[in-house]
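**Student:** Sharing a structure here in structure tokens format.
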Amino acid sequence: MTIYIHEWKQNQKSLWIWTLSVAVMNIVCMMLYPQMRKQADSVSEMFSQMGGFSSAFGMDQVNFGDALGFFAIECGNILALGGVMFAALLGIGMLAKEENLHTAEFLLTHPVSRNRVLVEKLAAMYTLLVVFYLVNFAGTVISFPCVGEEIEWKELSMVFAANLFLALEVSSVCFALSAFLKGSSAGFGIGIGMLFYFLNLFGNISDQAEWVKYVTPFAYADASTIIAENALDTKLLCIGAGYLAVGVVIAFWHYSRKDIA
Amino acid sequence: METVIQTEHLTKNYGKARGITDVSLRVNAGEIYGFMGPNGAGKSTTIRSLLGLIKPTGGTAAILGRDCVKDKKDVLSRIGYMPSETVFYKGMKVKDVIALSAKLRGKDCRKQADMLCERLRLDVDKKVEQLSLGNRKKVGIVCAMQHKPELSIFDEPTSGLDPLIQKEFFDLILERNKEGATFFLSSHVLSEVKKYCTRAAIIREGKVIAEDSVEHLISGNARKVTVNGLTRLPEALEKCAKKVTKDGDQIHFLYQGDPKQLLSVLHTQPLTDLLIEEPDMEEIFLHYYQ
């Protein structure tokens with residue numbers, strides 16, 4: 001547990017900066033809902049004229065005048081993008097930072113196996129992400145009664161569960177890449193997060209790019225789709241679980257053999 | 001005598017870049033062993049192979065009878081290591097780094113750590129990023145010694161330490177050595193090796209070019225000769241003389257040959273003064289390196 005606790009402590013600042021930033025943005029956004037509800041008809045009409053742009057952000061699937069629909073369109077993207085950025089940065093730096101900052105020589109010359117290092121770092125990373133989503137879930141749940149709306153437990157739970165899974169998958173893929181990297185890796189992580197995000201937008205706009213939903217985890221975490229269909233896409237979640245598992249296996253396979261220079 | 005470190009033809013090939021080739025070393029229990037070589041000679045590669053940070057491409061390395069690759073965890077539990085670049089996690093206090101190191105070993109080393117911090121005059125409440133190189137080295141020393149390991153490996157331990165702390169560091173080493181601990185010191189500071197090490201090896205371009213007692217490494221056949229009253233080296237000595245330097249009517253050279261021949265040749269020369277002495281470590285060092 002020593003490495004787990006150490007990693008947890010090391011990432012506290014980052015955890016709370018990201019968590020509170022995203023939570024505050026989402027709460028502020030929800031506070032705008034009562035005002036936007038009054039203009040719902042005109043906004044919906046505007047969205048209907050926006051064509052592909054409207055599809056890209058799922059505006060064509062839910063009702064903007066409805067609290068849950070408003071949450072899906074406005075907060076869903078903040079949550080997904082914020083969560084993925086945090087997950088990607090965590091994952092990509094988790095192993096690479098030790099070599100980049102020359103602390104690997106300290107850590108790995110203690111009697112701890114590399115597999116133990118990986119297990120505890122992975123567990124710490126997943127815990128940080130769970131905390132991120134739990135706090136954000138709490139913030140969202142609180143914001144609904146604040147704007148005079150009932151809490152839609154099932155739908156909100158599904159959106160947050162899918163987003164948590166999205167973050168776990170992205171962080172695991174980045175964790176695998178982190179095992180190969182030595183230098184500064186933050187840009188790489190942000191790049192991967194953005195790539196997945198824009199691939200999903202691309203897939204939402206074009207019918208010919210439907211295949212991207214099997215590549216980008218944003219496809220199964222899209223709040224508008226989950227709320228519109230009132231269900232999670234288990235097929236895409238299973239594919240995501242596959243990517244997650246492959247990422248973890250690659251990380252273990254490579255890092256346990258890697259020369260630490 | 002028990003062997004603490006044994007490498008047999010240890011080789012690490014980095015492809016185009018040179019690593020180490022056929023490094024065979026033997027460090028016995030209770031020794032303070034010096035490991036010398038210029039930058040890039042392969043000292044750190046050898047140490048990293050011993051610590052299991054890199055996998056050798058050939059040969060074997062064993063510490064305390066255990067294989068450094070297969071039994072890495074067991075090996076690491078019995079040794080202490082201080083890298084040349086002592087870097088710790090930003091934001092942590094010195095005391096937290098020392099406690100983390102002890103926890104990673106699953107040991108309560110507080111008593112020993114307190115003693116080491118006091119003797120090395122280390123402020124444990126400072127954050128690691130506020131520390132100078134010397135103070136970071138002190139943290140590294142505490143982490144490497146607080147669990148009283150059977151073997152300590154130090155890579156350039158004294159660079160950045162002030163003379164008083166250097167002395168305290170070697171006092172600590174000598175005390176632990178009296179208790180039976182073995183030390184492996186990679187160093188550029190030849191006076192340290194000469195003063196504290198019993199045996200030493202010299203590595204150059206990835207290969208061990210000499211391994212012997214420090215006494216033998218210093219003595220060997222070579223003698224440092226200073227002759228006054230001559231403007232050029234006698235021809236009969238040219239074959240056995242190395243590193244010849246002239247300073248007015250004074251000539252310095254390292255003589256590696258029959259001492260009788262040296263004396264008989266010099267006897268015929270109009271010299272005004274003669275000094276024959278053991279070469280110092282710097283000269284031995286350069287002699288092996290060049």
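The values are calculated or read from the model by the stated rules, or taken from the named source; none is laboratory data. What you see is a predicted model; the values in this text were computed from it and never measured. Cβ atoms come from the backbone with ideal geometry, glycine included; neighbour counts cover every protein chain shown. The accessibility values were calculated without ligands, DNA or RNA, using every heavy atom of the protein model including side chains. Shrake-Rupley method; radii C 1.70, N 1.55, O 1.52, S 1.80 Å.
**Student:** Measure off, as a whole percent, the carbon and sulfur share of the 1.4 Å-probe accessible area of the stretch A:80-215, all protein chains present.
**Tutor:** Taking all protein chains in place, the stretch A:80-215 shows 69 percent carbon and sulfur surface.
**Student:** Only protein chains counted, 1.4 angstrom probe. Which residues of the stretch B:81-121 are at least 40 Å² less accessible in the assembly than when their chain is isolated?
**Tutor:** Buried by the other chains: B:Tyr81, B:Glu85, B:Val87, B:Tyr89, B:Leu100, B:Leu104, B:Arg105.
**Student:** Points 7 angstrom from Cα along the Cβ direction at B:Lys167 and B:Lys260: gap in nanometres?
**Tutor:** 4.8
**Student:** Also, quick follow-up: When only alpha-carbon atoms count, how far does the stretch A:125-169 stretch along each of its three principal axes, as whole angstroms with the largest first?
**Tutor:** 35, 16, 9
**Student:** On to the next question. Give me the percent of the accessible area of the stretch B:3-98 that comes from carbon and sulfur atoms, probe 1.4 Å, all protein chains in place. List each step's numbers first, then the result.
**Tutor:** Working: 1710 of 3670 Å².
That fraction is 47 percent.
**Student:** Additional query: Using the C-alpha gyration tensor of chain B, what are the square roots of 5 times its eigenvalues, in whole angstrom, with the largest one first?
**Tutor:** Working from the Cα gyration tensor, I get semi-axes of 42, 22, 16 Å.
**Student:** Between chains B and A, what is the buried accessible area summed over both chains (1.4 Å probe, protein heavy atoms, nearest 100 Å²)?
**Tutor:** So the total buried area for this chain pair works out to about 2400 Å².
**Student:** Let me ask something else about it. What are the extents of the Cα atoms of the stretch A:101-223 along their three principal axes, in Å, largest first?
**Tutor:** 56, 39, 21
**Student:** Per-residue counts of other Cβ atoms within 10 Å, averaged by peptide: what ranking do you get for A:70-77, B:17-24, highest first? Could you put the intermediate results ahead of the total?
**Tutor:** Working: A:70-77: 24.5, B:17-24: 17.9.
Ranked by mean Cβ neighbours within 10 Å, highest first: A:70-77, B:17-24.
**Student:** Where the centroid of each part is defined by its Cα atoms, how far is the stretch B:114-135 from the stretch A:171-229 in Å?
**Tutor:** Here the answer is 45 Å between Cα centres.
**Student:** Which loop-located trypsin sites (Lys or Arg not before Pro) does the stretch B:68-106 contain, where loop means any DSSP state but H, G, I, E or B and the Cβ has at most 14 other Cβ atoms within 10 Å?
**Tutor:** In loop regions of the stretch B:68-106 (DSSP not H, G, I, E or B), the sparsely surrounded trypsin sites (Lys or Arg not before Pro) are B:Lys70, B:Lys90.
**Student:** Let me ask you something else. Which whole number gives the average, over all residues in B:141-147, of C-beta atoms from other chains lying within 10 Å of the residue C-beta?
**Tutor:** Mean partner shielding for this stretch: 1.
**Student:** What's the angle, to the nearest 10 degrees (0 to 90), between helix A:153-180's Cα axis and the longest principal axis of chain A?
**Tutor:** 30
**Student:** Sticking with this one: Of the candidates B:Thr45, B:Thr158, B:Thr245, which one comes out as most mobile in a Gaussian network treatment of chain B with C-alpha springs shorter than 10 Å?
**Tutor:** Maximum among the listed residues: B:Thr245.
**Student:** Mind listing the long-range amide H neighbours of B:Arg199? Cut-off is under 5 Å, sequence gap 5 or more, other chains count too, H placed in the peptide plane at 1.01 Å from N.
**Tutor:** B:Ile32, B:Gly34, B:Val214
**Student:** May I pose another question? Which entries in A:Lys97/B:Lys95; B:Lys148/B:Lys224; A:Lys9/B:Lys43; A:Lys213/B:Lys55 show an alpha-carbon gap greater than 32 Å?
**Tutor:** In this structure, B:Lys148/B:Lys224; A:Lys9/B:Lys43; A:Lys213/B:Lys55 lie more than 32 Å apart at Cα.
**Student:** Would you tell me the mean number of C-beta atoms belonging to other protein chains that fall within 10 Å of each C-beta in A:96-109, as a whole number?
**Tutor:** 5
**Student:** Taking a probe of 1.4 Å, how large is the accessible area per residue of the stretch A:2-255, in Å²?
**Tutor:** Here the per-residue accessible area is 41 Å².
**Student:** Here's something else I'd like to know. Measure nothing but the geometry: give the 0 to 90° angle between the long axis through the Cα atoms of B:110-119 and the longest principal axis through the Cα atoms of chain B, rounded to 10°.
**Tutor:** That works out to roughly 40 degrees.
**Student:** Using a Debye calculation, one point per C-alpha and no hydration shell, please list log10 I(q)/I(0) for the stretch B:108-153 at q = 0.19, 0.22, 0.27, 0.32 Å⁻¹ in order.
**Tutor:** -0.57, -0.74, -1.02, -1.23
**Student:** Ignoring trypsin sites (Lys or Arg not before Pro) that are buried or in helix or strand per DSSP, and keeping those with at most 16 other beta carbon atoms within 10 Å, what is the longest stretch of chain A between them?
**Tutor:** Details: sites that count: A:Lys182, A:Arg257.
Result for the longest clean stretch: A:1-181.
**Student:** Once you treat every alpha carbon in the protein assembly as shown as an equal point and sum by Debye, what is log10 I(q)/I(0) at q = 0.07, 0.09, 0.12 Å⁻¹?
**Tutor:** Listed by q, the Debye log ratios stand at -0.57, -0.78, -1.08.
**Student:** To the nearest 10 degrees, how steep is helix B:133-145 against the longest Cα principal axis of chain B, on a 0 to 90 scale?
**Tutor:** Helix B:133-145 sits at roughly 70 degrees to that axis.
**Student:** Roll a 1.4 Å probe over the protein chains and send me the accessible area per residue for chain B in Å².
**Tutor:** That works out to 47 Å² for each residue.
**Student:** Give me P(r) over the stretch A:2-255, computed from all C-alpha to C-alpha distances, binned every 10 Å, as integer percentages.
**Tutor:** Pairs per bin, as whole percents: 7, 30, 32, 19, 8, 2, 0.
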